[in-house]
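See structure below.
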Amino acid sequence: MNATNRTVVVTGVGATTPLGGDSATTWEGLVAGRSGVRALTEEWAADLPVRLEDLPVRIAARAAVEPADVLPRPLLRRLDRSAQFALIAAREAWADAGFTAKAGEDEAIPAERLGAAVATGIGGVTTLMTQYDILKDLGARRVSPHTVPMLMPNSPSAHVGLEFNARAGVHTPVSACASGAEAVGYGIEMIRSGRADVVVAGGTEACIHPLPIAAFSNMMAMSKNNDAPEAASRPYDAARDGFVLGEGAGMVVLESAEHAAKRGARVYCEMLGQGLSADAHHIAQPEPEGRGIAAAMRHLLDTTDLKPEQLAHLNAHATSTPQGDVAEIKALRQVLGEDLDHVAISATKSMTGHLLGGAGGVETVATVLALHHRTAPPTINLDRLDPEVDADVVGAEARQLPSGTIAAINNSFGFGGHNVVLALRTV
Amino acid sequence: MAATKEEIIAGLADIVNEIAGIPNDEVTEEKSFTDDLDVDSLSMVEVVVAAEERFGVKIPDDDVRGLKTVGDAVTYIAEHQS
């Protein structure tokens, strides 16, 4: 059980996103080029301490399916919205991987060999604010006893671990918008190092609330294209003006190839590994030349079996901010050289918005399905490619990927200068 | 006016239904909150706060530990309501 460098594969996917309540609907939406961004409504603002017209940003990519329509009421009272999304996506991924009961009860996986690595960038921020309002308005006695287990950032991971009886370890890497990808990377390492045979991994976020909106907006990070919500998230387009806040979760079931073969599981693709680095540049600004991103790419190439000539697809971080989108492409060109020319680049945030800590999870699911279906999703709203983007960005129409063995990478970068690059390959 | 025993049981059933999702008719006097009604120690605090509000009683934390069954709570509320 102490094997190292074991091959890790993906055997299950699950998601609940602005495009759909499961991974299949989300994938359909991505391939069709649907936008999940909508205008925020008076109804949404009704219970909030702010008038809608006072917000500088009045658009967001809210989840297509409300957790309240899927989960029983007692669970909704005990789980922050971020944990609700995580649980919904994790249940789908678990069933998709062919497990029929929790670890230990399903004989295919003992509880001691199952892990969970589920991240969030922000944690239970809406729980904190709701309970603060209760404290002010109704008094200390009325503050929910579930507040702390709801707002702690490891709550989604802990609930996923409880749901499936994960006893090998339950973890929550936190690195802002790189959190979800870092969790998937952590899951890969848990299996590589022999700590677990199966890990449920991914990311979740739920912070569409006036406070984060005002805060991100005051950082000049968000699109203010309030009049045209569906056109607001436009990575790589010359007229992009910031990201659009999204919510939801994406999860994968990672498994050692040996374990998957033994139980006859369907395998989507191989997870080759991760490249990591940090910018050490600025708390929130991307390093303009993408040096940190390039370092993560080099770490990936140095430590995995990824062959640049096999790279056919990239799910870019590309959040639609003026600086970040260009820095990422510069870094890729610097490291991959001419090999970047045969990489079909998709910026799925053009459709889902930016799910922050959930992005790495949802985009890992999207990359897994892109390899599985050999289809690179479109990048919508790309009317005029920024001349500084010297790369092959998939435009309005989805594109077929080549046959044979192909590889893909999924990039996620976070405030704080965290860079995570994941590599995947067809089997 | 003080609530009758039947009214207290009905009120607790509403509360337990809201918090734990247990059907009202399953909330009967002999049932244990923890073992039968899916009310863990955290949710028990929610039940107590809701009961305090509904029946106009104060249930100090030290007394909550003694409320194992629905019947225990009914007796406590009946004795302490104003």
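Quick note: the coordinates plus some simple rules give every number you see, no bench work behind them. Keep in mind it's a predicted model, so treat the numbers as computed, not measured. Neighbour counts are summed over all protein chains in view; Cβ atoms, including those assigned to glycine, are modelled from backbone coordinates with ideal geometry.
Here is how the numbers come out for the structure above:
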quantity: DSSP-assigned coil residues among GluC sites (Glu not before Pro) in segment A:103-165, each with at most 13 further Cβ atoms within 10 Å; calculated: A:Glu105, A:Glu107
quantity: Calculated over segment B:5-80: convex hull of Cα atoms, volume per residue (Å³); calculated: 74
quantity: Percent RCO, i.e. relative contact order, over segment A:286-425, from Cα pairs under 8 Å lying at least 6 residues apart; calculated: 32
quantity: Relative contact order of segment B:1-45, pairs being alpha-carbon contacts under 8 Å that are 6 or more residues apart, as %; calculated: 30
quantity: Selected from A:Ala97, A:Ala108, A:Leu48, residue furthest toward positive end of dipole (segment A:13-109; charges at beta carbon); calculated: A:Leu48
quantity: Of the DSSP H helices in chain B, those whose Cα atoms cover at least 18 Å axially and whose Kyte score averages 0.0 or more; calculated: B:5-20, B:41-55
quantity: Three-way shape label, chain A, alpha-carbon gyration tensor, a/c 1.5; calculated: oblate
quantity: Radius 15 Å from Cβ of B:Gly21, net charge of other residues (Lys, Arg +1; Asp, Glu -1); calculated: -4
quantity: Pairwise Lys count, chain A - Cα closer than 28 Å, eight or more residues apart or different chains; calculated: 7
quantity: Summed side-chain charge close to A:Pro153 - residues other than A:Pro153 whose Cβ falls under 14 Å, Lys, Arg +1, Asp, Glu -1; calculated: -2
quantity: Residues in segment A:327-350 that a label on A:Ala228 would reach, taking backbone N under 17 Å of a point 7 Å out along Cα→Cβ; calculated: A:350
quantity: Binned Cα-Cα distance frequencies in segment A:334-418 - 10 Å width, integer %; calculated: 15, 46, 36, 3
quantity: Shape call, segment A:122-262: gyration tensor on alpha carbons, a/c limit 1.5; calculated: oblate
quantity: Overall Cα dimensions of segment A:273-425 - principal axes, largest extent first, Å; calculated: 41, 36, 29
quantity: The protein assembly as shown: antiparallel DSSP beta bridges as a percent of all, rounded to 5; calculated: 65
quantity: Cα-centred dipole magnitude for the protein assembly as shown, charges only on beta-carbon of K, R (+1) and D, E (-1), debye, nearest 20; calculated: 1060
quantity: Per-selection metrics, segment A:8-262 (Cα): Rg and Dmax in Å; calculated: 18.9, 58
quantity: Label-point gap, in nm, between A:Asp133 and B:Ala10 - each point 7 angstrom along Cα→Cβ; calculated: 3.2
quantity: Helix-only CD estimate at 222 nm, as mean residue ellipticity for the protein assembly as shown, using -39500 (n - 2.57) per DSSP H run (n ≥ 4); calculated: -11000 deg cm²/dmol
